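The values are calculated or read from the model by the stated rules, or taken from the named source; none is laboratory data. Source: prediction; values computed, not measured. Glycine gets a Cβ as well: all are built from the backbone with ideal geometry, and neighbour counts include every protein chain shown. Side chains are part of the model used for accessible areas, which takes the heavy atoms of the whole protein and leaves out ligands, DNA and RNA. Shrake-Rupley method; radii C 1.70, N 1.55, O 1.52, S 1.80 Å.
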Amino acid sequence: MITLKGENIYIRALEPNDLEFVYAMENDQSIWEVSNTQTPYSRFLVKQYLENAQQDIYEAKQLRLAICQDKDFPALGLIDLFDFDPKNNRAGVGIVIQGNENRKQNIGSEALELLIQYSFYNLNLHQLYANISTENVASIALFTKFGFQKIGTKKDWILFNGVYKDEAIFQLINNKF
């Protein structure tokens, strides 16, 4: 049976007590480039988002999950399905792990593996895709580890700090169905 629990981590729905964590992540300017964020979020907006996070993926067209490592429940990162398209059975994937110390512990790998399994076996998706800056070597390595293939590059796609950067699109096709 496929679950959202791995060997060292689990991924769960967002809870009201995730307010400070999500607020900190959304306002961490060091990850704005990968999250495509341009302005800070208020606690009020994050609280409203969390209050609506219980919406079904078919209604919201996205699913954001907290990545947790122990039973104390605090989140270490976030993993998302976005642009969920049930007609064409596809969704985008995004992941962010808080702090460099957590990024080197295979947390992202285990979370991505769980999300892929959930997407293919529970949501019956045919494909997942990820948009990754061509300079983000760590994310490219993570996604290609699980079979995502680069299918193209969007030139000068991201403007960040006055510099245009290329973004690659990676795709994973579920050939089991």
Next item on the list: Please find, within the stretch 4-59, the residue that is nearest to PRO86 (Cα to Cα) out of those that are β-branched (Val, Ile, Thr) and in contact (Cβ under 8 Å) with a residue 40 or more places away in the chain.
Entry: ILE57
Next item on the list: Say whether the condition of being surrounded by 17 or more Cβ atoms within 10 Å (Cβ to Cβ) and within 26 Å of PHE21 (Cβ to Cβ) is met by at least one residue in the stretch 155-172.
Entry: yes
Check: In the stretch 7-20, what count of residues is obtained for those that are open to solvent by 30 Å² or more (accessible area, probe 1.4 Å) and closer than 18 Å to GLY108 by Cβ?
Finding: 3
Checklist line | Which numbered condition ALA138 fails, given (1) within 24 Å of ALA66 (Cα to Cα); (2) touching a residue at least 40 places away in the same chain (Cβ under 8 Å); (3) open to solvent by 20 Å² or more (accessible area, probe 1.4 Å) | finding: (2)
Item checked: Scan of the stretch 33-55 for residues that are touching a strand residue (DSSP E or B) at 6+ places or on another chain (Cβ under 7 Å) and not aliphatic (A, V, I, L, M), ordered by number -> GLU33, SER35
Margin query: Out of everything in the stretch 41-57 that is among the hydroxyl-bearing types (Ser, Thr, Tyr) and touching a helix residue (DSSP H, G or I) at 6+ places or on another chain (Cβ under 8 Å), what residue ends up being least open to solvent (accessible area, probe 1.4 Å)?
Written below: TYR49
Next item on the list: Check off (1) open to solvent by 80 Å² or more (accessible area, probe 1.4 Å); (2) modelled with pLDDT of 90 or more; (3) touching a Leu at 6+ places or on another chain (Cβ under 8 Å) for GLU113 and give me the number that stays unchecked.
Entry: (3)
Margin query: Given the options ASP85, ASP70, name the one that is among the charged types (D, E, K, R), modelled with pLDDT of 80 or more and open to solvent by less than 80 Å² (accessible area, probe 1.4 Å).
Written below: ASP85
Next item on the list: Give the stretch 137-177 a look and list any residue that's over 20 Å from the mean Cα position of the chain (by Cα) and among the acidic types (Asp, Glu), or say none.
Entry: ASP156
